1. Out of the DSSP beta bridges found with both residues in the chain, what percent are antiparallel (nearest 5)?
2. In whole Å, what is the distance between the alpha-carbon centres of the stretch 497-543 and the stretch 75-107?
3. Based on DSSP H runs of at least 4 residues, each adding -39500 (n - 2.57), what is the mean residue ellipticity at 222 nm of the chain after dividing by all its residues, to the nearest 500 deg cm²/dmol?
4. Would you mind getting me the FRET efficiency between residue 538 and residue 5? Use the beta-carbon distance for r and R0 = 45 Å, nearest 0.05.
5. Which trypsin sites (Lys or Arg not before Pro) in the stretch 277-374 pass both tests, a DSSP loop state and at most 11 other beta-carbon atoms within 10 Å?
6. Using alpha-carbon positions, what is the distance between the centroids of the stretch 309-353 and the stretch 181-228, in Å?
7. For a quick check of your reading of the filter: which trypsin sites (Lys or Arg not before Pro) in the stretch 103-179 sit in a DSSP loop and have no more than 14 other Cβ atoms within 10 Å?
8. Give me the 1.4 Å probe accessible area per residue for the stretch 365-458, excluding ligands and nucleic acids, in Å².
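The values are calculated or read from the model by the stated rules, or taken from the named source; none is laboratory data. Since the structure is predicted, the reported quantities are computational estimates derived from the model, not experimental observations. Positions of Cβ are backbone-derived with ideal geometry, glycine not excepted, and every protein chain shown enters the neighbour counts. With ligands, DNA and RNA removed, areas are computed over all heavy atoms of the protein, side chains included. Shrake-Rupley method; radii C 1.70, N 1.55, O 1.52, S 1.80 Å.
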Amino acid sequence: MTIKTIATTPFSDQKPGTSGLRKRVTHFQQPNYVENFIQSLFDSLPGKEGQTLVIGGDGRYFNDTVIQIAIRMAAANGLGKVIVGQGGILSTPGASHIIRHYKAFGGIVLSASHNPGGPDGDFGIKYNASNGGPAPEKITDAVFARSLEITEYKSVDTPDIDLSRLGTLDVADMEVEVIDPVADYAALMETLFDFDAIAQMFRSGFSMRFDAMHAVTGPYAKAIIEGRLGAPEGTVINATPLPDFGGGHPDPNLVHAKDLHDLLMGPDAPDFGAASDGDGDRNLIIGRNRFVTPSDSLAILAANAHLAPGYSRGLAGIARSMPTSAAADRVAQRLGIEMHETPTGWKFFGNLLDAGRVTICGEESAGTGSDHVREKDGLWAVLLWLNILAVRKQSVDEIVRAHWATYGRNYYSRHDYEEVDADAAKALMTDLRAKLPQIEANGLGGREVILADDFAYNDPVDGSTATGQGIRIGFADGSRIVFRLSGTGTVGATLRVYIERYEPADGTHDRDTQEALADLIALADAVAEIKSRTGRDAPTVIT
Ligand code: VG1
Ligand code: CO
């Protein structure tokens, strides 16, 4: 089999965002668009020759085509072996584990995560390094730079590789091993959690609904929750991954997982409801009559992790992304462990996890995870909740209330303005940034301001810096407003506004969140002129 070298010309827009390169499927379908990016990636990975690469994706439309391209190009670029999930399927946390478990050089994960799929939906390509984590900016910057000057790519002539059967085959000089996407991951989960205690809870009548949203966690959840833990069949719904996610939007929030939310708030509610996103790294947790915000979930999981065997020795530290509420900080303080605030995106947790400085990490966008892999992990969060419920023998609602009674409550909400005019959104941020010194000096809306800046992060492990990571205005009473532009959207700009207010342990904890935050929401609109600049009366999504 001969290696072909094919001439190409650069695209100017292959800069990876918060989590890989994400564009419309039709954009990726332009001739050479995929090939250019993958070759730019390979060109930026010295030492890959003869090494093992993991490849998989969330099963969305175009996954099958790109997997074949990636395998051929890996063979032509001198990789020694590719490990691929059967049918081209690997969840993002699953891929992270496979990379670590088989000591691979890295991995390519094909996913646009929580973005919709199908021919008119989104597609994405992410690269994970040998630690199993999203490529740090050092690598993504190099890939982007290379993509601007690429002139050729390499591939091999071979018919499509059969990914439907487990086993190994050869593509040119490279070995391809097709593995069960679930088995190694399920075995890892079994080392972390008390499966016997959770199975016993199911046997004694505990009821659950897990909505896989026709995305990648279906086979994982079926095998683990219904298979190994013995939950009744039908506990996992929408379990077959579909190229268009059944026409749904695989983002497990209160808008796109509304049916699940309504079920849990209704008369026939099971004890526990959960969902995950397109690529399986996010989680939604809802107890009977109790929605748990992701920021609270992070704090509660951190405070109770020692109840699961994998964390019985306690936590080294906790990290959260900057816009995530400070609920977890209070847990870290009480436990006397390190707390870190990082920019948005899982890639910023990698160094802290590798250095053993933190054990649990989380983001307000429904991502939680630990040092078991180097990605956020939806099913892991669900299993840790189940383990905690099995040990504490209390309801989700009781656990959440007890947490607030101990630590206080951080009322928290995120308002997203999706697909707004990109120039208007940029101008909003620029003009707001210019006002920060004045806000810091004079306060805002009659409130004392203790911090008004554009977040910059200095990585304490490798000394790298990331600037321009979001505008934050912090008030003397612990309240906060944060403004960021999304790095995962594919059309126009998405403005995210994060609002938080702290209510002490002996305060009022049962207010409606939007009402409890109403003053701050109005203040955010006033200072950033959101309505007038975006032309929107209300956010697209409130979480
Ligand atoms: C969003 C979230 C961020 C998350 C990222 C990837 O990024 O806010 O917390 O890490 O998506 O998640 P942004 O830049 O749009 O705010 V996933 O599950 O889409 O890979
Ligand atoms: Co995701």
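1. 70 percent
2. About 42 Å separates the Cα centre of the stretch 497-543 from the one of the stretch 75-107.
3. -9500 deg cm²/dmol
4. 0.25
5. Sites meeting the loop and neighbour criteria: 313.
6. For the stretch 309-353 versus the stretch 181-228, the Cα centre distance is 25 Å.
7. Taking the stretch 103-179 and a limit of 14 other Cβ atoms within 10 Å, the loop trypsin sites (Lys or Arg not before Pro) found are 103, 165.
8. Averaged over the residues of the stretch 365-458, the accessible area is 37 Å².
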